[in-house]
Amino acid sequence: FVQERRLSVMCPMYEAILTFTYGNERLALVICNAHTFQNRLELHSAVTFESLWTVPLDRLARCCWMKNDEWIVVNYLEAELLRISSDGQLLEEFKDTTAAANPILNALQWDEDILVTATMNSLRLHKL
């Protein structure tokens, strides 16, 4: 590796990065506290690692960068998608009521107006 950032700087004791993604010089981290079982989404500058904002999450999640500097948070236990603005505000919530046996596991922006979600056995295209 060429550079290392100590997790203790970004995550206090008993916390761990569950997943992360990158987009437009921004690094989004989903961090879990093993004692409280509380999660959060943190956005950092990928250049300086400065924290830009934090959003508490009451869910186990992963995230995906959108081309307009927004973020999609996938709550795969509840089959729910959250659209987060570039400044950390919740813009939209989408609950997939048909996904009880086949929950959404991941998502990515396909093009300007298509979001693709992945389940255990399918890819679904959604109009943005």
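The table that follows gives values for the structure above.
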quantity	calculated
Segment 64-114 - residue that is among the basic types (K, R) and over 13 Å from the mean Cα position of the chain (by Cα) and, of those, nearest to L27 (Cα to Cα)	K67
Pairs, first within 16 Å of Q38 (Cβ to Cβ) and modelled with pLDDT under 90 in segment 51-80, second small (G, A, S) and open to solvent by 40 Å² or more (accessible area, probe 1.4 Å), C-beta under 7 Å, six or more apart	none
Residues being touching a Gly at 6+ places or on another chain (Cβ under 8 Å) and buried (at least 18 other Cβ atoms within 10 Å of the Cβ) - total across segment 56-70	2
Number of the condition not met by F37 [criteria: (1) open to solvent by 70 Å² or more (accessible area, probe 1.4 Å); (2) at pLDDT below 90; (3) at negative phi]	(3)
Single match in T19, T48, T98 (criterion: closer than 30 Å to Q3 by Cα and not in a strand (DSSP E or B))	T48
Residue match in segment 102-114 (condition: more than 24 Å from M13 (Cβ to Cβ), of a type in the set (S, T, N, Q) and assigned to a strand (DSSP E or B))	yes
Among the residues listed as D96, D87, the single one being closer than 18 Å to R124 by Cβ and without any contact (Cβ under 8 Å) to a residue 40 or more places away in the chain	D96
Residue count, segment 87-104 (criterion: in contact with a strand residue (DSSP E or B) (Cβ under 9 Å, 6 or more places away or on another chain), surrounded by fewer than 16 Cβ atoms within 10 Å (Cβ to Cβ) and not aliphatic (A, V, I, L, M))	7
Test for L82: is it assigned to a strand (DSSP E or B), open to solvent by 50 Å² or more (accessible area, probe 1.4 Å) and aliphatic (A, V, I, L, M)	no
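The values are calculated or read from the model by the stated rules, or taken from the named source; none is laboratory data. Predicted model only: the values in this text are computed from it and were never measured. In this analysis, Cβ positions are derived from the backbone assuming ideal geometry, glycine residues included, and neighbour counts consider all displayed protein chains. Side chains are part of the model used for accessible areas, which takes the heavy atoms of the whole protein and leaves out ligands, DNA and RNA. Shrake-Rupley method; radii C 1.70, N 1.55, O 1.52, S 1.80 Å.
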